[in-house]
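Since the structure comes first, as structure tokens, the remarks are kept for the end.
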Amino acid sequence: MIEVSPTSSRKDDHIHVNLEQDVSSSLTTGLQRFHFIHQALPERDLEQVDLSQTLFNRQVQAPILISSMTGGSEEAARINQVLAAAAQATGLAMGLGSQRAAIETPELAPTFQVRRYAPDILLFANLGAIQLNYGYTLEHCQRAVDMIEADALILHLNALQEAIQPEGNTRFGGLLPKIEAVCRRLPVPVVVKEVGWGISAQAARMLASAGVAAIDVAGAGGTSWSQVEMYRLSDPNQANVAAAFREWGIPTAQSLIQVRQAVPDLLLFASGGLRDGIDIAKCIALGASLGGMASLFLKAAAQSENSTLGVIHQLKREIQIAMFAAGVGNLAQLKKAPLVEDIHYAKD
């Protein structure tokens, strides 16, 4: 039996709220505004379209990232095992949820340890960047990487979520130099991501100067963690504060475009409200190398590995057909594929 800590209990709360409640942002991703130019004469066979690439010395068979979600409880362990096995079978990249629970309660480490199910995948460790202002050091970051035999470390930024949580950590002053110290000294690459409110051009330039290897913009338009926290709050006034931020954030497409322009040479990932393989393809055309999804995979993994594999195969086929119909044969060509923007698009 895994020990139930306040952190692991919160992780279970997050799983159930995401599965059972409407936690979507009131914003859209902005990807609906963009459309590929259809090529009636692709001049290639569909099965010749190549979705693979190499990232951080790992072969990734499709530009799909199973985004960081969970860990730290028995239920989270089951979900992570299903996701890892599916990622291994299909050659996808995967992130784990925040490993703070296992750093503080080592007995929880097995809930994150999925490498035996996925020996070949690109695997990301994960800690909250804010913990560097609450006593975490390079040694804690190394422990997170070693715990799961990760290829890289994600440091996530969740200032708004922390501000809404009664137990939140909100001392964000002076955090950037500590992120820089980790980037300079950790022997694996460091990726910084938001959790659903987007990265601005200003933040991207700051992070690039600190030496991050990649940014996941994690924009608005999908799960709103202010909504998730709202459902956890018993005090109605605190819940109302959380609800007020449902429309907060930089939509995913806008964040991706801003960051790509601000740091044109930096590796980018895109997540936040991506609905299907066409959205992922659009993100690649806007400058990302991976498109990340969480909610879709969480719901599938809660059912079975077969359900998860079905979702992955569907996404891969959607990306492949989108590339085929746009007249491109690989991801390098997709990054140069023109998109038409509908400036009159409005949410229904």
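The values are calculated or read from the model by the stated rules, or taken from the named source; none is laboratory data. Keep in mind the model is a prediction, meaning the values are calculated, not measured. Positions of Cβ are generated from backbone atoms using ideal geometry, with glycine treated the same way; all protein chains shown enter the neighbour counts.
Counting only strands (runs of 3 or more DSSP E) that sit completely within the stretch 18-81, those holding 3 or more residues that are at pLDDT 95 or above and not polar (S, T, N, Q) correspond to 34-36, 64-66.
In the set (1) touching a residue at least 24 places away in the same chain (Cβ under 8 Å); (2) closer than 22 Å to residue 285 by Cα, the condition left unmet by residue 47 is number (1).
Matching residues to (1) within 30 Å of residue 237 (Cβ to Cβ); (2) modelled with pLDDT of 95 or more; (3) in contact with a strand residue (DSSP E or B) (Cβ under 9 Å, 6 or more places away or on another chain):
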{"residue": "118", "(1), (2), (3)": "no, yes, yes"}
{"residue": "151", "(1), (2), (3)": "no, yes, yes"}
{"residue": "154", "(1), (2), (3)": "no, yes, yes"}
{"residue": "157", "(1), (2), (3)": "yes, yes, yes"}
{"residue": "187", "(1), (2), (3)": "no, yes, no"}
{"residue": "206", "(1), (2), (3)": "no, yes, no"}
{"residue": "212", "(1), (2), (3)": "no, yes, yes"}
{"residue": "222", "(1), (2), (3)": "yes, no, yes"}
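All conditions in (1) within 19 Å of residue 87 (Cβ to Cβ); (2) among the β-branched types (Val, Ile, Thr); (3) at pLDDT below 95 hold for residue 343, with the sole exception of (1).
Would you mind telling me which numbered condition in (1) crowded, with 24+ Cβ neighbours inside 10 Å; (2) not in a loop (DSSP other than H, G, I, E, B) residue 258 fails? Single failed check for residue 258: (1). Looking across the stretch 316-340, the residues that are assigned to a helix (DSSP H, G or I), buried (at least 16 other Cβ atoms within 10 Å of the Cβ) and hydrophobic (A, V, I, L, M, F, W, C) come down to 319, 322, 323, 324, 325, 331, 334.
For (1) on the phi < 0 side of the Ramachandran plot; (2) under 16 Å from the mean Cα position of the chain (by Cα); (3) among the β-branched types (Val, Ile, Thr), each residue gets a yes or a no:
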| position | (1), (2), (3) |
| --- | --- |
| 154 | yes, yes, yes |
| 161 | yes, yes, no |
| 171 | yes, no, no |
| 187 | yes, no, no |
| 206 | yes, no, no |
| 216 | yes, yes, no |
| 222 | yes, yes, no |
| 226 | yes, no, no |
